[in-house]
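**Q** Right, I'll just put the structure down here and ask away after.
The values are calculated or read from the model by the stated rules, or taken from the named source; none is laboratory data. Computed from a predicted structure; not experimentally measured. In this analysis, Cβ positions are derived from the backbone assuming ideal geometry, glycine residues included, and neighbour counts consider all displayed protein chains.
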Amino acid sequence: MSYTTGMELVPLCAMTAGETGLIREVDGTADFVKRLCEMGLSHGSEIQMLTPGTPCIVAVNHQRISLRGDDEMAIYVEILRPALKN
């Protein structure tokens, strides 16, 4: 399946179940950003929202990760939209 990007950054918590996006920005201390990177949540990673809410469950790099509300607010994604077929 091919995708187009929305080019708008939204916090991870704004994603709905099943939406996929690319991580474009992570706000926080160096230690916080490092912790997320160690879990696979780094700039450019593809992420899918499985279960929205607090905590939420996301899929990244073939693993499921649970995140709290503060973490969800610090991760900004570019939503990927399925490309329209001609």
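**Q** Which residue is nearest to V10 (Cα to Cα), if the candidates are limited to region 20-78 and must be surrounded by 15 or more Cβ atoms within 10 Å (Cβ to Cβ) and of a type in the set (S, T, N, Q)?
**A** That would be T20.
**Q** Oh, and also: Give region 43-64 a look and list any residue that's hydroxyl-bearing (S, T, Y) and modelled with pLDDT of 95 or more, or say none.
**A** S45, T51
**Q** Please go through region 51-74 and pick out each residue that is hydrophobic (A, V, I, L, M, F, W, C) and out of contact with any Cys (no Cβ under 8 Å at 6 or more places or on another chain).
**A** I57, V58, A59, V60, I65, A74
**Q** What do you reckon, is E78 touching a residue at least 12 places away in the same chain (Cβ under 8 Å) and in contact with a Lys or Arg (Cβ under 6 Å, 6 or more places away or on another chain)?
**A** yes
**Q** For region 48-76: of the residues being assigned to a strand (DSSP E or B) and polar (S, T, N, Q), which is nearest to R35 (Cα to Cα)?
**A** The extreme case among them is S66.
**Q** Let me ask you something else. Return the pairs, sorted by first residue and then second, in which the second residue is part of a strand (DSSP E or B) and β-branched (V, I, T), the first residue lies in region 45-65 and is more than 16 Å from I23 (Cα to Cα), the beta carbons are less than 7 Å apart, and the residues are 6+ apart or on different chains.
**A** T51/I57
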